[in-house]
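*Asks:* The structure is given below, and queries will be raised subsequently.
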Amino acid sequence: MRARGASFARPSPSSRVPGPPGAARESINEAAGPAASEQRLMCVLRDCKEQLLRGRGTYDPASGFSADYRRFYDLDLGQRFFEVDAGGERLAVQWFEPEGRVRGTAVVVHGYYDHVGLYGHPIRYLLSRGLAVLAYDHQGHGLSTGARVTVDSFDRYVDGLEAVLDAASAELPEPQHALAQSMGGAVLMEYLMRPGRKTFEDVALFAPLVRPKAWRLARLAYQAVRPFASRIARGAPQNTEDRDFVAFLKRDPLQTWVLPVQWVGALASWIRRFEAYPRDGRRVLVIQGGRDGTVDGPHNVGVLRRLFEVELLEVPEARHHLVNETGPVRERMWRFLDGHLAGGALAAGGTSPTDSPA
């Protein structure tokens, strides 16, 4: 596996990766005012997404597009952008470094429909604890290439994680931790079951996906719909108590508003395989919301207890998208992680994360 466009350790300012033509190569005219600037940037991102759908490339960090992206997602943290080849797709990777001494690395694996741009809260928390952060968009998500939000097998997602880790492993400061939300948890857990996989000092799973809510009914619907449709419309998400985030999702140009039937079939195959695994025994941290309407929390925690040594934080008032829940919920999760990551040592030297408002 190889990183494209730049050395992982020291990217060259002149290095370029293939990017979409037209609007995606234009920068925002800041003098136009905040509203006009945001509207134009949304056009830039939508154009990028259209190019991804046509398989014409991803983004070009040297073009100024990365600055536009940082502004729109309030994620201007000095990160560097890379590409990694994985199974014929190009995965968009971001690398963040904390100020001061680096005390390790955290690998962040996002959930279904998500992308790194939505993960400012956990990234800021991890940076505040002295951890460098490696995060990437799954194939078919965000700035990565691939059919939008679908795969024929969850192995494609796991191969992507493995490719990113292989490309970056020589440069990642030790010790290394991994954090994953929802489907990212499924991808990370499946990766951990692979022979010869990389080990992490800590694994933290936020509302991990095993079975979705009402899975039996969903399977019946899948069998009924599969002969007649390739996708169904996705409703507006109500997966967090943070109303500002819900409103932002509705105007996020990198969202996809359909559920491909193929993806449901890939999920069903993965569930059968994962639930049949023998006990692994590693320690995992699990955070689960009591009002989660997306995954079957009680069932999933039971499966994880059989497979792993689980340390669980239950948050009764929280919904599914835990990394974008309200400030009080996030603070409770950060305290839980402070008590467990690196045996609690990171909290001693940490600072208060500066959360973005979105």
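Values quoted throughout were computed directly from the atomic coordinates according to the rules given, and no laboratory measurement underlies them. Note that this is a predicted model, so its numbers are computed, not measured. Note that we place each Cβ from the backbone using ideal geometry, even for glycine, and neighbour counts take in every protein chain shown.
*Asks:* Is the shape of the stretch 80-346 best called rounded, prolate or oblate, per the rule: a/c under 1.5 gives rounded, else a/b larger than b/c gives prolate, else oblate, with a ≥ b ≥ c the square roots of the Cα gyration tensor eigenvalues? Could you put the intermediate results ahead of the total?
*Replies:* Details: a/c = 1.34, a/b = 1.27, b/c = 1.05.
Taking the square roots of the gyration eigenvalues as a ≥ b ≥ c, the stretch 80-346 is rounded.
*Asks:* Here is a further query. Rounded to the nearest 20 debye, what is the charge dipole size of the stretch 179-303 about its Cα centre when +1 sits on each Lys and Arg Cβ and -1 on each Asp and Glu Cβ? Mind showing how you got there, number by number?
*Replies:* Details: 19 positive and 11 negative charges, 101 e Å.
Around 480 debye, computed over the stretch 179-303.
*Asks:* Sticking with this one: Between beta-carbons, use under 10 Å as the cut-off and find the net charge around residue 248, counting Lys and Arg +1, Asp and Glu -1.
*Replies:* -1
*Asks:* Please get the size of the charge dipole for the stretch 80-346, origin at its Cα centre, with Cβ charges of +1 on Lys and Arg and -1 on Asp and Glu, quoted in debye to the nearest 20.
*Replies:* 820 debye
*Asks:* Would you mind checking which residues have amide H under 5 Å from residue 107's amide H? H placed 1.01 Å from N; only 5 or more apart, or other chain.
*Replies:* 134, 177, 178, 179
*Asks:* Still on this structure, please answer the following. According to a simple spin-label model (label point 7 Å from Cα along Cα-to-Cβ), what is the distance in nm between residue 310 and residue 280?
*Replies:* So the two model labels end up 1.4 nm from each other.
*Asks:* If I stretch the segment between residue 335 and residue 169 completely, what's the gain in nm (0.36 nm per residue apart, minus their alpha carbon distance), one decimal?
*Replies:* 56.9 nm
*Asks:* Rounded, prolate or oblate: which one fits the stretch 295-355, using the alpha carbon gyration tensor with axes a ≥ b ≥ c (rounded when a/c is under 1.5, else prolate when a/b beats b/c, else oblate)?
*Replies:* The shape class here is oblate.
*Asks:* So who's got an amide H within less than 5 Å of the one on residue 232, skipping anything under 5 residues away but keeping other chains? H placed 1.01 Å off N, in plane.
*Replies:* Amide H neighbours of residue 232, under 5 Å, 5+ apart: 259, 261.
*Asks:* Using Cβ contacts closer than 10 Å as the measure, can you line up 295, 187 from fewest to most?
*Replies:* Listing 295, 187 from fewest to most nearby Cβ atoms yields 295, 187.
*Asks:* How high is the FRET efficiency from residue 317 to residue 250, r the C-beta distance, R0 30 Å, rounded to 0.05?
*Replies:* Working: r = 23 Å, r/R0 = 0.76.
With R0 = 30 Å, the Cβ-Cβ based efficiency is 0.85.
*Asks:* Further, regarding this structure: For a test of the definition: using alpha carbon positions, the gyration tensor, and the 1.5 limit on a/c, classify the stretch 179-273 as rounded, prolate or oblate.
*Replies:* Cα axes put the stretch 179-273 in the oblate bin.
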